[in-house]
1. Kindly list, by first and then second residue, each pair from a residue in segment 17-35 that is part of a strand (DSSP E or B) to a residue that is at pLDDT 90 or above and open to solvent by less than 30 Å² (accessible area, probe 1.4 Å), limited to pairs with Cβ atoms under 6 Å and residues at least 6 apart or on different chains.
2. Can we say residue 41 is more than 19 Å from residue 308 (Cα to Cα), surrounded by fewer than 18 Cβ atoms within 10 Å (Cβ to Cβ) and without any contact (Cβ under 8 Å) to a residue 60 or more places away in the chain?
3. Determine whether segment 151-158 contains at least one residue that is modelled with pLDDT under 90 and either part of a strand (DSSP E or B) or charged (D, E, K, R) (or both).
4. Could you list, in sequence order, all residues of segment 90-119 that are assigned to a strand (DSSP E or B) and either under 18 Å from residue 156 (Cα atoms) or open to solvent by 80 Å² or more (accessible area, probe 1.4 Å) (or both)?
5. Counting just the residues of segment 339-361 that are at pLDDT 85 or above and β-branched (Val, Ile, Thr), which one comes out nearest to residue 58 (Cα to Cα)?
6. Of (1) touching a Leu at 6+ places or on another chain (Cβ under 9 Å); (2) over 19 Å from residue 171 (Cα atoms), residue 149 satisfies all except one. Which?
7. Just to be sure, is residue 423 of a type in the set (Asp, Glu), modelled with pLDDT of 95 or more and either under 27 Å from residue 247 (Cα atoms) or assigned to a helix (DSSP H, G or I) (or both)?
8. Those residues that are in a helix (DSSP H, G or I) and either open to solvent by less than 20 Å² (accessible area, probe 1.4 Å) or under 17 Å from residue 200 (Cα atoms) (or both), I need them from segment 456-474; list them, please.
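The values are calculated or read from the model by the stated rules, or taken from the named source; none is laboratory data. Every value quoted in this text rests on a predicted model; they were computed, and no experiment measured them. Cβ placement follows ideal geometry from the backbone for every residue including glycine, while neighbour counts extend to all protein chains displayed. Just the protein is used for accessible areas: all its heavy atoms, side chains included, with ligands, DNA and RNA removed. Shrake-Rupley method; radii C 1.70, N 1.55, O 1.52, S 1.80 Å.
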Amino acid sequence: MNSQESAFRIVVDSLSKIPERFQELPLITSSEYLSSEYAEKKRIKVINLCSHKKALSTSYYVSLLADARSHRCLPEAKTLHQIESKVLIRDAIREHDELIQSSFKRLAAHEFTLSVYFGKNLAKAYDKLAKRLYSLFPCPLARYEFHKRDGKWKLNEITQLGLHQVPDEHHEFIETELNSLFHKRWRRDQSNKTPRYEIAILANEQEANAPSDKAALDAFCKAANQLDMRAEILTPRDLPRLMEFDALFIRETTRLDNHTMRFALKAERSGMVVIDDPESIRRCCNKVFLAELLRTHNIPTPNSTLVTRRNVNELAENFHYPIVVKIPDGSFSIGVHKVRSSQEFHTLCKKLLQTSSILIAQEFVPTEFDWRIGIIDGTPLYACRYYMSKGHWQIYNHAVKGDDFCGDSNGVPISNVPPCVLDTALKAAGLIGNGFYGVDLKQHGDTALVIEVNDNPSIDAGIEDELIGDELYLAVMNTFLKRLESKHAR
C-alpha cells in the first residue's frame, strides 16, 4: 500500500464477498469502521462501497459517522438520503430532462438501466449523462433505473451498489477508477446566491407541536418589516412559490423524509439564505450522528452506546438500569424510552431495530429541569429552564393531555447562566454550523451534559421571549438581513 492509499479506507459489507482482484486495496468492513477503533483516527478519506437499499441502512451510518468523525466520505450521508426519495430525485433531475431525452432517443426499449461508476459509464455514448448524474448524486457505484412513459424517459430509482454487486465484466473498469481516485482532490459543490430581501417563513398550522405559535410567527413578520424586509408565511403546499423569495426560515418541525427537507434543499440549490439549512437538519435530526459528533470532539454528554442487532444481547447484560433508549430521528421526546431492566431493553430494541439499524442507549441522568440555550450565528440569544412534566421524567408526557402534557418553563438572563452550561452549549452548536440552534443540557455539578442540539428550536410567545420580548425576533431577522447584505455586496 503506497502513502496515498494509506489515507483511504474502502468500506465494504463483507470481505468474503469481494473479488480477489480488489483484496490488495485498503478494504475494511462496515462493522470495523463503525467500531470505536476508527472513531479515534484522523485525516481519513472513506470510500463507502456498501450497498444502500433502505433508509437508515448500515451504509448510511458509515457515511453519517464519517461526517461526525471529520472523515471525508464518498458518498456523503446527504447523498444517500436524497436517493431514497422519489420526490427529492424528481426535484433534482427536473432541470436536466433535455439531456435525458437526447441520451436515450435511439432506444427502442421502454426500460433502461444505466450504471454510473465514479461519474462514468463503460459506454462513451452516455458519458455526458453519467457525469451530470454523478454531479447531482455523487454515489461511487450507482445504478439508475429509467422507464419510458407516454413517450418520455423518467428516472424512476437510484440504487447505491455494494462492491460485491457489480458485474464481473465491470471489475477492471472499477479497479482503474479506484486507483485514480486515490490521487484526486475531493471537492464539494458550491451554490451561487443572489439575495432580494424577501423572506418565506414555512409553518404548518396542522402541526400538533409546532416550533412557533401564531403570535410568534406574527412577531417574526413584524420584526422583518422593522428591518425593511418582507416576510410571508408559507404552507407545505407552497413549494412552487419558494422562488419568489430570497430567504427561507423554517418554523415547522424538520425531518429528513418530508417536505421540510425538500424546501431546504430547493432553497439551498437556488442560492437562498436558509435557516434551517439542509446540513444542519441532517446533523440534528439523527441522534446517533450527534452522539458520535459530540464524543469525537470531547463535548460532555451522558454516557452513550450504539446499539445494533449484533451487540444488543451483550449490552443488555452490562448496563446499569435504568437507561434511556432513543431512535435516531425522534423529536419533542417522541421515540425516547426509559428502560428499567434487561428484559425490557431486549423487547424494546427488538421492535425498534426493525426500522433502524442503529439505536442509541444513554445513561439516565435525572434532573429537575433541562437547560435550553438558544444560539444564532454563534451568539447566545436566550436561555430557558424547562421543567419535567408533572409526575414524569421528561419535559413532554405524551401519555396525557391538558396542562400536564408539558412542564413549566422560565427564562434566565444570559448573564446568569452558569459558565459551564453556556460554554458547553456554544461548543456543541459550533459543531453543527452557524445557524439557529437550541442546545439542551443537564447540569450535573460543575459539568453540563449535552442532551441534544435542535436545528429548529421552539420560539413561542411568552416563553422563549419572556425576558427580551421583541428583541428575540429582531435578532433572528437581523441575522437574515446581515447574510443577505453580505451576499449582495459580493
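1. So the pair list comes out as 27/10; 27/12; 28/11.
2. On the way: more than 19 Å from residue 308 (Cα to Cα): yes; surrounded by fewer than 18 Cβ atoms within 10 Å (Cβ to Cβ): yes; without any contact (Cβ under 8 Å) to a residue 60 or more places away in the chain: yes.
Spelling it out, residue 41 is indeed more than 19 Å from residue 308 (Cα to Cα), surrounded by fewer than 18 Cβ atoms within 10 Å (Cβ to Cβ) and without any contact (Cβ under 8 Å) to a residue 60 or more places away in the chain.
3. Going through segment 151-158, the residues modelled with pLDDT under 90 turn out to be none.
Within segment 151-158, not a single residue is modelled with pLDDT under 90 and either part of a strand (DSSP E or B) or charged (D, E, K, R) (or both).
4. Narrowing segment 90-119 to residues assigned to a strand (DSSP E or B): 111-117.
Within segment 90-119, 111, 112, 113, 114, 115, 116 meet the criteria.
5. Taking segment 339-361 first, the residues at pLDDT 85 or above are 339-354, 357-361.
So of that shortlist, the ones also β-branched (Val, Ile, Thr) come out as 339, 347, 358, 360.
On the way: 339: 25, 347: 22, 358: 8, 360: 14 Å.
Across segment 339-361, the extreme among qualifying residues is 358.
6. For residue 149, the failing item is (1).
7. Working: of a type in the set (Asp, Glu): yes; modelled with pLDDT of 95 or more: yes; either under 27 Å from residue 247 (Cα atoms) or assigned to a helix (DSSP H, G or I) (or both): yes.
In short, yes.
8. So in segment 456-474, the residues in a helix (DSSP H, G or I) come out as 470-474.
472, 473, 474 - these are the residues of segment 456-474 that are in a helix (DSSP H, G or I) and either open to solvent by less than 20 Å² (accessible area, probe 1.4 Å) or under 17 Å from residue 200 (Cα atoms) (or both).
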